[in-house]
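The values are calculated or read from the model by the stated rules, or taken from the named source; none is laboratory data. Just so you know, these numbers come straight off a predicted model, no measurement behind them. With ideal geometry, Cβ positions are generated from the backbone for all residues, glycine too; neighbour counts draw on all protein chains shown. To get the accessible areas, we keep the full protein, side chains included, count just its heavy atoms, and leave off ligands, DNA and RNA. Shrake-Rupley method; radii C 1.70, N 1.55, O 1.52, S 1.80 Å.
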Amino acid sequence: MPTEISSEATPVAVGDIFECDWGYNQTNIDYYEVIAISKTGRVKLHKIGKRKCSDPYAPNVTVSPHRGVYFGEPTGYKVVGTGYDGTPWVNISSFSAACRIATVGNDLGAVSSTETGIGWGH
């Protein structure tokens with residue numbers, strides 16, 4: 001079972017990017033940027049945009065995070081946990097979680113995932 005990270009050991013920094021993939025009979029990708037960290041090590045996330053790196057009408061589309069392009073309101077402070085492989089993760093809601101895919105200073109052009117193209121999902 002994943003464990004909670006103590007505030008002293010939080011390996012997350014403002015600007016890190018988390019990815020949440022979700023969907024029923026399709027794959028959707030949402031990206032979140034860490035915008036604040038509390039004294040107890042909890043993180044506040046803000047949903048960010050994504051760049052489509054391939055044809056959006058193809059069955060599978062390559063997407064990458066677009067740091068600094070925000071949507072909606074930030075989340076409340078969330079507990080950071082670690083998976084079995086040590087990767088930090090955060091529960092976004094009661095049914096979805098996101099894992100860290102990029103840290104501050106990463107070239108986001110090299111970070112990408114595949115989601116279902118427009119018109120190909122359920």
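Taking +1 at the Cβ of each Lys and Arg and -1 at the Cβ of each Asp and Glu, which of 43, 64, 25 sits farthest along the dipole of the stretch 1-121 towards its positive end, judged by Cα position relative to the Cα centre?
Result: 43.
Give me the percent of the accessible area of the chain that comes from carbon and sulfur atoms, probe 1.4 Å, all protein chains in place.
Whole-percent figure for carbon plus sulfur exposure: 53.
Please report, in debye to the nearest 20, how large the charge dipole of the chain is about its Cα centre when each Lys and Arg carries +1 at its beta carbon and each Asp and Glu carries -1 there.
Computed charge dipole of the chain: roughly 280 debye.
Bin width 10 Å, alpha-carbon pairs only: give the P(r) of the stretch 9-122 as whole percents, running from 0 to the bin holding the largest distance.
So the P(r) values, bin by bin, are 14, 45, 32, 8, 1.
Tell me, what is the FRET efficiency for residue 26 and residue 104 to the nearest 0.05, using R0 = 35 angstrom and their Cβ-Cβ distance as r?
0.65
Give me the 1.4 Å probe accessible area per residue for the stretch 69-115, excluding ligands and nucleic acids, in Å².
Each residue of the stretch 69-115 exposes 59 Å² on average to a 1.4 Å probe.
Could you give the length gained by full extension between residue 40 and residue 96, i.e. 0.36 nm per residue of separation minus their alpha carbon distance, to one decimal place?
Working it through step by step, the gained length comes to 17.9 nm.
Quick one: Cα centre-to-centre distance for the stretch 36-50 and the stretch 70-122, in angstrom?
Value for the Cα centre distance between the two parts: 11 Å.
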